[in-house]
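This report concerns only the one structure given below.
Coordinate-derived values only; no laboratory data. Given the structure is predicted, the values throughout are model-derived calculations rather than measurements. Cβ atoms come from the backbone with ideal geometry, glycine included; neighbour counts cover every protein chain shown.
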Amino acid sequence: MITAYQAVVLAGGRASRLGGPSKPDLVVDGRRLLDTALKAARGAEKVVVVGDAAVPPGILRTREDPPFGGPVAGLEAGLGMLGAGSPWTLVLASDLPDAEAAVRVLLQAEPRPEHDGACLVGDEGRLQWLLGCYRTPALRRRLTERDGASAMYRLLEPLNLLAVDPGTASVVDLDTPGDVARWAARGDKL
């Protein structure tokens, strides 16, 4: 079980496939997606949101350089804001409507000492890089060794990660109006 962690919530994208609205500010199930992510990260010692969205008191906020530079740049900016911090860092996208349930499952994982972190696994068996908890020193090491990698999978796939079955939690993210409609339809059936 992972108990001592800090959190980086990535909220800096353009949401171009969504058609314009800011994904972190999109209201789903009665609240902003960002607020869902922040509630999922509520056990963290410190939380930083990387992006332009408004954050509540007590939550740090920063911006990646360059703006809209992608999740790797966002992770680097977030870790920079958190400082030395906790032994673990939760990395969480801000477009996950079931983030609370997903993070609960993730934090129950029991990585062995040789694991650099744990990630939830999606429907197709792929690791969900933005639903992961990583050893902070391993993240920092990968950022210094990245050789220009701007994609999260290129940054993180060299790590020894524990794949975690999400169980009944959803790892779906909302990138398009169709994704939002499917999530809303799913909610009606619950």
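Considering only alpha-carbon pairs that sit under 8 angstrom and 6 or more positions apart, the relative contact order computed for the chain is 25 percent. Across segment 92-103, coupling constants 3J(HN,Hα) worked out from phi with the 6.51/-1.76/1.60 Karplus curve, θ = phi - 60°, read 9, 6, 9, 10, 10, x, 10, 4, 4, 5, 5, 5 Hz, and Gly and Pro carry x. Based on Cα contacts under 8 Å between residues 6+ apart, segment 104-169 shows a relative contact order of 44 percent. Below 13 angstrom from the Cβ of residue 62, what's the summed charge of the other residues (Lys, Arg +1; Asp, Glu -1)? It works out to a net charge of -1. Rounded to the nearest 5, the antiparallel percentage of DSSP beta bridges internal to segment 5-189 is 40%. Mean separation of Cα pairs under 8 Å and 6 or more residues apart, divided by the residue count, gives segment 1-95 a relative contact order of 42 percent.
Along its first, second and third principal axes, ordered by size, segment 5-189 spans 42, 35, 30 Å in Cα coordinates.
Could you point to the residue in 81, 174, 127 farthest towards the positive end of the chain's charge dipole, with +1 and -1 charges on the Cβ of Lys/Arg and Asp/Glu respectively? Most positive-ward Cα: 81. Each residue of segment 156-166 is assigned a 3J(HN,Hα), and the resulting list reads 9, 5, x, 6, 8, 10, 7, 7, 10, 5, x Hz, derived from the Karplus form 6.51 cos²θ - 1.76 cosθ + 1.60 (θ = phi - 60°), x at Gly and Pro. Placing +1 on each Lys and Arg Cβ and -1 on each Asp and Glu Cβ, with no other charges, gives the chain a dipole about its Cα centre of roughly 280 debye. Pick out, from 164, 90, 183, the residue whose Cα sits farthest towards the positive end of the charge dipole of the chain, with +1 on the Cβ of Lys and Arg and -1 on the Cβ of Asp and Glu. Value computed over the given set: 90.
For residue 93, the residues whose modelled amide H falls within less than 5 Å of its own, excluding neighbours fewer than 5 places apart on the same chain, are 10.
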